[in-house]
Amino acid sequence: MSYSHLLVAVAPTPESHALLKKAIAIARPANARISLMTLSTDPEMYNQLAAPMMENLRELMQEETQQFLQSLADSTDYPIWKRQIASGELCEHVKTFCQKYQVDLVICGNHNQSFFSRATCSAKNIVKESGVDVLLVTL
C-alpha cells in the first residue's frame, strides 16, 4: 500500500531524525508529501508566579520550536510540505490536520520522554479519532 501524505509527530530530540528517516523511506517510493507536527510546551505549566514574563517566554519557546522544525527539515534530502506547532492535546490537532490536508498515514515515535509519553498515551486516541492509518515506531 502506498500513501500520499504522511504526518510525522516529532519532538526536539535526536530520535526525531530517525523517525523522519523512517517516514521518508515510506514516502519516497510514492513521492508522497511529508508534514511535521510537534507540541510546544506551555510555559504557564512551569511557573504561574511569573505571569509578566510569560509572554516573552512563550515567544522564545515558539521560536525555538520553529527553529527545531526548520533544522529537522533542513537535515533531510526530502521536501517537507508543512510544519505545524501545536499545544494541548495531540490527538485533536492530528485529527484536524488529517482532515484538512488529506493525510493518510500518521507516524509517531515511542519514547520515554515527556512529549512521546503524551504521544504514546494519545496513540489509542489518535488511532480511534484520526480516521487514518497510524504507525507507532519504536526508537
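A short reminder: the numbers here are calculations on the coordinates, not readings from a lab. Computed from a prediction, not measured in an experiment: that's the story for all the values here. Cβ coordinates were reconstructed from backbone atoms using ideal geometry, including for glycine residues, and neighbour counts include every protein chain displayed.
Take 100-109, 82-91, 57-66 and order them by the average number of nearby Cβ atoms within 10 Å per residue, most first; the result is 100-109, 82-91, 57-66.
Highest mean packing comes first when the peptides 125-134, 6-15 are listed by Cβ atoms within 10 Å, giving 6-15, 125-134. Close amide H partners of Arg83, meaning residues 5 or more places away or on another chain with modelled amide H under 5 Å apart, are Leu36. Ordering 71-81, 30-40 by mean Cβ neighbour count within 10 Å, with the highest value first, yields 30-40, 71-81.
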